[in-house]
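Here's the structure we're looking at; comments come further down.
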Ligand SMILES: Cc1ncc(COP(=O)(O)O)c(C=O)c1O
């Protein structure tokens, strides 16, 4: 019997090999085991319909959503204090990222992408025929977005600069002043910035302003996935200058046309209850973050850049060049999943989920501690 998911790296005889650029992290994330102590995710634990009061009764398959279900578009716009013509809806942040790239990039363009990176942000521009140019975010600099490094990487063909804020995988936040300066740099150079802000609402304290509201050269993409536990709705959007927004909507005409009105109705209800959903997330994230900080304080074999809250942490193994074997041992011997840093071009690191139940985090950290102890003894 043919396997459901043939290994994409070994082509089936007689069939052209798959040529889509690899997003190895996504492939791994879709097929990985989910052990009892699953510290491999990056979102807040999933809501159910019961977390969206009124949703069950309001769900309906009808309604015009040619350019997004209007009540949803208006709610997204109100959330950011912008007009609805600055909002283009999409299937998750993933869909929004794809549409922004499809709207802006053509073969021969250069795209600057941070390193470490979330790999679809590399694979999508590559698939569209753009050339990747990289700039570093370094552990030694606290993984901050260094504008001098961005400026030094610009080329005459740079069309787009891609960043995540907070940064996936480290959770490090870029502040408003640096984002404004990044927007100004893009403006001087005649290019744009894609700021994937899917994790922004999960930072602790007052929500920072979306980057797109700070500069007309910045396009923000986001969704309800990470900070609100609503990955299942696939509700994403781009915030941009009105002209770029219209280009993004026209790109959507060529991809999936429109979203699901059923999901968009539910997403509009989620927006009405966003404060309660944020409180639900905070109640999970804040104590888990404290717990993780305490754990790190007792682990001499690990070091990290402390992010301002968020749904993930990204510790580094001090004595090792790759966390691969460590992650594998956690999985096989301790029923614990973490994400190996190699998926983000940072092999000595591993990523740990914080948007999970306190019990699972506790058992997972205990397992990590025991595995590190084994290393220290052996
Ligand atoms: C930086 C980044 N962008 C986008 C996504 C996907 O988000 P969505 O579920 O909104 O498509 C992820 C998920 O891991 C991510 O880390």
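Residues considered: 353, 337. Of these, the only one that is over 16 Å from the mean Cα position of the chain (by Cα) and closer than 20 Å to residue 43 by Cβ is 337. Within segment 283-296, the set of residues being within 15 Å of residue 44 (Cβ to Cβ) and surrounded by fewer than 17 Cβ atoms within 10 Å (Cβ to Cβ) comprises 283, 286, 287. Would you check which residues across segment 92-131 are in contact with a strand residue (DSSP E or B) (Cβ under 6 Å, 6 or more places away or on another chain) and closer than 17 Å to residue 68 by Cα and list them? Answer for segment 92-131, where residues must be in contact with a strand residue (DSSP E or B) (Cβ under 6 Å, 6 or more places away or on another chain) and closer than 17 Å to residue 68 by Cα: 92, 93, 95, 96, 97, 99, 100.
Yes or no, residue by residue, for (1) under 20 Å from the mean Cα position of the chain (by Cα); (2) in the same structural domain as residue 202 (by TED's automatic domain parsing):
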site: 219; (1), (2): yes, yes
site: 224; (1), (2): yes, yes
site: 249; (1), (2): no, yes
site: 281; (1), (2): yes, no
site: 290; (1), (2): no, no
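The conditions of being assigned by TED's automatic domain parsing to the domain that holds residue 158 and over 28 Å from residue 170 (Cβ atoms) are met by residue 89.
None of 192, 118 is at pLDDT 95 or above and within 15 Å of the ligand (Cβ to nearest atom) except 118. Among the residues of segment 288-311, those that are assigned to a helix (DSSP H, G or I), touching a strand residue (DSSP E or B) at 6+ places or on another chain (Cβ under 7 Å) and within 20 Å of residue 205 (Cα to Cα) comprise 289, 292. Look at residue 72 and say whether it is within 16 Å of the ligand (Cβ to nearest atom) and touching a helix residue (DSSP H, G or I) at 6+ places or on another chain (Cβ under 8 Å). Answer is yes for this residue. Looking at 78, 88, just one residue is touching a strand residue (DSSP E or B) at 6+ places or on another chain (Cβ under 7 Å) and either at pLDDT below 95 or at negative phi (or both), and that residue is 88.
Of the residues making up segment 203-236, not one is within 14 Å of the ligand (Cβ to nearest atom) and free of Cβ contacts under 8 Å to residues at least 12 places away in the same chain.
Annotation: of all residues in segment 316-337 being in a loop (DSSP other than H, G, I, E, B) and out of contact with any helix residue (DSSP H, G or I) (no Cβ under 6 Å at 6 or more places or on another chain), the one that is farthest from residue 378 (Cα to Cα) is 335. Scanning segment 237-280 for residues that are under 30 Å from residue 358 (Cα atoms) and within 16 Å of the ligand (Cβ to nearest atom) yields a count of 7.
The values are calculated or read from the model by the stated rules, or taken from the named source; none is laboratory data. Keep in mind the model is a prediction, meaning the values are calculated, not measured. Heads up, the Cβs are rebuilt from the backbone with ideal geometry, glycines too, and the neighbour counts pull from every protein chain shown.
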